[in-house]
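J.: Below you will find the structure I want to go over with you.
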There are 4 protein chains.
Amino acid sequence: MRKSKTSLIFQAAIDIFSEKGFDKATMDDIAARANVAKGTIYYHFKSKEELFLFLVEEGIELLREGVESKLLPEMPPREKLELIVREQIHFFGQYRDFCVILLRESWGGEDRQREFRKMIRSYMLLIEEVIKEGMDTGVFQRVNAEYAAAGIFGMISIAALHILLGHAPYDEEVLFTDMKRMAFTGLLTE
Amino acid sequence: MRKSKTSLIFQAAIDIFSEKGFDKATMDDIAARANVAKGTIYYHFKSKEELFLFLVEEGIELLREGVESKLLPEMPPREKLELIVREQIHFFGQYRDFCVILLRESWGGEDRQREFRKMIRSYMLLIEEVIKEGMDTGVFQRVNAEYAAAGIFGMISIAALHILLGHAPYDEEVLFTDMKRMAFTGLLTE
Amino acid sequence: MRKSKTSLIFQAAIDIFSEKGFDKATMDDIAARANVAKGTIYYHFKSKEELFLFLVEEGIELLREGVESKLLPEMPPREKLELIVREQIHFFGQYRDFCVILLRESWGGEDRQREFRKMIRSYMLLIEEVIKEGMDTGVFQRVNAEYAAAGIFGMISIAALHILLGHAPYDEEVLFTDMKRMAFTGLLTE
Amino acid sequence: MRKSKTSLIFQAAIDIFSEKGFDKATMDDIAARANVAKGTIYYHFKSKEELFLFLVEEGIELLREGVESKLLPEMPPREKLELIVREQIHFFGQYRDFCVILLRESWGGEDRQREFRKMIRSYMLLIEEVIKEGMDTGVFQRVNAEYAAAGIFGMISIAALHILLGHAPYDEEVLFTDMKRMAFTGLLTE
DNA sequence: TATGAATGAGCCTTCATTCAT
DNA sequence: GATGAATGAAGGCTCATTCAT
């Protein structure tokens, strides 16, 4: 038996939570998927809430670190932003279910939701820094960097989910081309 | 007695659903907020699900019609898109709670969620049409209009929500300026 | 408008109660079937219980009076019993739904159920009297007349319902022949 | 702790269901009677319906098997029928509450009721077989065996219940004597 | 470590009954 | 006489959590 119980549960939780969302998912579901007794989950995680929080934390960290590790200091801002766009699109394709969770569970006034937004914010900050750098070096126009970062994150996220949850195949290349164009030059020809 | 029970319930439902989300909201909550007996809700709406669906339908319709009625056929596409950006930003400020609901409950595989995405799609189509018109007349670059529409909708939505749920005041003018710039010319100075 | 509201409700109640039984039937069902407002029922009957009681009373009275009026004093007991058997079989065929109600709602410790059994007992007494008369004149064997009356009532009732609720057609003639034989000579050939 | 929770619940369910009938009985009632939490019932039985079905299944099986196991192939049909009459009377005395349930809940068009009638039919078939055997060997008169079986079952059932729910004591011996006489020779002296 | 039986608070929904019109 | 909107008590069922083993 290679897998520890903890990671079995973790994997099962991702499956179930993304399939059903936080509220509709039950600990029974997760236990069954992980092939452990329900009590065992409580041995490894304090509560449903904690399990969920842990899971989302890991997910966002995966996205943030994945992008951050590829952002080399010497890259020009333009290249950095291009990389972010590409990576986020790729991440959404790869972790579709997690992304559904993220977009679903981050809005509202509960502590958990505030917590999630904080995590997302830590990712947005990456974008924000790049935008600021670009503005400072004169390659980017002057905008409110926070708004712009949120906008770019949202643009990619919603477009990606729109496709992933629709019927069309998820063509990363086309999506990347269009999202890059929108972010860089906008729609106007002139 | 000015207010009909139905509209009392309707208002209370918006409050509660946006505060707690569909699953956590209870019919008791809504009844209490509306100052009616729980049974009264069921006299006017068949179920929690139906009440919710009705509410979201109305909300999206309000957004869509509000925008559509202002889009005059003779406007140039550029002006149309500008109007859309402005209106959507205004709508989010005005119906913050409803918008939280919308962004929260539209992702996932349940029928209800699929239904919501269809409604959102009907709004996105407005944007899509304008983009297509712009591409045809040569003022907009050639992109996948569906992706672009989803992207613009997402950009505005997430940026708006980001502010609305944060601590800063919701400055529509600034947000409008930046979102318009992003949509039209993108970030690059050149 | 020939029909009084009262009788409209009465008819609807028979339909609904026999279709669904006392507990599953709702006042809404009955009101809808009778094409009156729900409040109207309460104008004519004090409660669901009372409506039901009234209805069962009428039904049993119909059976009892129907039989009693045909039992002429000068008939020999044997002929009387034969008539009872025939009439009860006919009644079950004609008022199948009501008979279902009767057999369904008469057993248990509630007041209503006790009341129903009293009504049934008033019918059984007809049978009991005939049996006693037959024993007195020597044409019937000596048995506990009360038990025998209950037995005959049950034999016909259950056999009739068995057929009526099964798939076979309700052949009154065959049933009558067999029930009469069982009651008069039993199964033994000798 | 001798009693398993399951059998505690089972016993409580018999009590409550026979006291109040299927519809009026509540899971709260049963839980209270069994001294378990309501959730515990649902841990052992999927639903109220299933609990009830299980209970009735067991009961009829008890009756059927009890009788069947005593019916030796070499017995003459007359002796077999006598045994059936005796056993059924005994069973009704012993499981009065269950018998109330049975007679109460078997009539109507719901699936559950149809299911119950099927179970009862399996018992009636025992009687039917004996009657057919008797007709074949010439000791019983020729009748519709199905009707006759239903009739005998009903005769005993209703007579037994009539006594059990009345005020008189349940004298099995007298009842047996009379029911046997009715089944074998009928009421006529000649 | 791991289990799974047991718990009980909480939720959606139904429906007999009332009452202002 | 008649209506139907409104009520609120009650019931079936779910599920996160606990705990004895």
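J.: Under a 10 Å cutoff between Cα atoms, tell me which one of C:Met119, C:Met179, C:Met75 has the largest fluctuation in the Gaussian network model of chain C.
T.: Comparing C:Met119, C:Met179, C:Met75 in the GNM, the peak value goes to C:Met75.
J.: Additional query: Straight-line reach only, C-alpha to C-alpha below 16 angstrom: list the lysines that C:Lys20 could link to, leaving out same-chain residues fewer than 8 apart.
T.: Candidates past the 8-residue exclusion: C:Lys48, D:Lys24.
J.: Mind grabbing the base-10 log of I(q)/I(0) for chain C at q = 0.11, 0.17, 0.18 Å⁻¹? Debye formula, identical points on the C-alpha positions, no solvent, two decimal places.
T.: Debye output, listed in q order: -0.56, -1.11, -1.20.
J.: Continuing with the same structure: On C-alpha positions alone, give me the angle between the axis of helix C:145-164 and the longest principal axis of chain C, in degrees, nearest 10.
T.: 60 degrees
J.: What whole number of Å gives the distance from the Cα centroid of region A:38-53 to the Cα centroid of region A:72-104?
T.: Between the Cα centres of region A:72-104 and region A:38-53 lies a distance of 30 Å.
J.: Let me confirm one metric for peptide B:102-111, namely the mean number of other chain beta-carbon atoms within 10 Å of its residues' beta-carbons.
T.: Neighbouring Cβ atoms belonging to other protein chains average 6 per residue here.
J.: Region C:1-45: D in µm²/s via Stokes-Einstein (Kirkwood Rh, Cα pairs, 4 °C, 1.567 mPa s)?
T.: Estimated diffusion coefficient is 126 µm²/s.
J.: Modelled label-to-label distance, C:Ser122 and D:Phe54, 7 Å Cα→beta-carbon offset: nm?
T.: 4.4 nm
J.: How high is the relative contact order of region B:1-45? Use alpha-carbon pairs under 8 Å, at least six apart in sequence, and give a whole percent.
T.: Relative contact order comes out at 41 percent.
J.: Here's something else I'd like to know. If the label for C:Lys24 sits 7 angstrom from Cα along the Cα-to-Cβ line, what are its distances to the same label in every other copy, in nm to one decimal, shortest first?
T.: Copy-to-copy label distances for C:Lys24: 1.8, 3.0, 4.0 nm.
J.: How about D:Lys38: which aspartates and glutamates have a C-alpha closer than 14 Å to its C-alpha, ignoring those fewer than 8 places off in the same chain?
T.: D:Asp28, D:Asp29
J.: Sticking with this structure for a sec: Per Stokes-Einstein, at 37 °C and 0.692 mPa s, what whole-number D in µm² s⁻¹ belongs to region A:103-190, with the Kirkwood radius over Cα pairs as the hydrodynamic radius?
T.: Rounded to a whole number, D works out at 224 µm²/s.
J.: Now for a different question. Using a Gaussian network for chain C with springs between C-alpha atoms less than 10 Å apart, which of these wobbles most: C:Asp111, C:Asp28, C:Asp97?
T.: The residue that fluctuates most here is C:Asp111.
J.: Could you point to the residue in A:His162, D:His44, D:Thr26 farthest towards the positive end of the protein assembly as shown's charge dipole, with +1 and -1 charges on the Cβ of Lys/Arg and Asp/Glu respectively?
T.: Selected residue: D:Thr26.
J.: While we're here: Over the whole of C:173-183, what's the average partner chain Cβ count within 10 Å per residue? Rounded to a whole number, please.
T.: 4
J.: Averaged across orientations, what area in nm² does the convex hull of the alpha carbons in the protein assembly as shown project?
T.: 47.5 nm²
J.: From the C-alpha gyration tensor of region B:1-85, pull out the three semi-axes of the equivalent ellipsoid (sqrt of 5λ each), sorted largest to smallest, in whole Å.
T.: 34, 13, 10
J.: Got the relative contact order for chain B handy, in percent, Cα pairs under 8 Å and 6 or more residues apart?
T.: 21 percent
J.: Once you put a point 7 Å from the Cα of B:Asp28 and another 7 Å from the Cα of D:Lys132, both along the Cβ direction, what distance in nm separates them?
T.: Going from the B:Asp28 label point to the D:Lys132 one covers 5.9 nm.
J.: Ignoring everything except DSSP H segments at least 4 long, calculate the 222 nm mean residue ellipticity for chain D; use -39,500 (n - 2.57) per segment, divide by total residues, nearest 500.
T.: So the helix-based figure for chain D works out to -25500 deg cm²/dmol.
J.: Would you list which aspartates and glutamates come within 13 Å of A:Lys80, measuring only between C-alpha atoms, while excluding same-chain residues fewer than 8 positions from it?
T.: The qualifying aspartates and glutamates are A:Glu68, A:Glu128, A:Glu129, A:Glu133.
J.: Using a Förster distance of 22 Å, how high is the FRET efficiency between A:Gln11 and A:Glu115, based on the Cβ-Cβ distance and rounded to 0.05?
T.: Calculated value: 0.50.
J.: For peptide A:134-145, how many partner chain Cβ atoms fall within 10 Å of a residue's Cβ, on average?
T.: The per-residue average across the peptide is 4.
Only the coordinates and a few stated rules stand behind these numbers; no lab work does. Since this is a predicted model, take the numbers as computed values, not measurements. Positions of Cβ are generated from backbone atoms using ideal geometry, with glycine treated the same way; all protein chains shown enter the neighbour counts.
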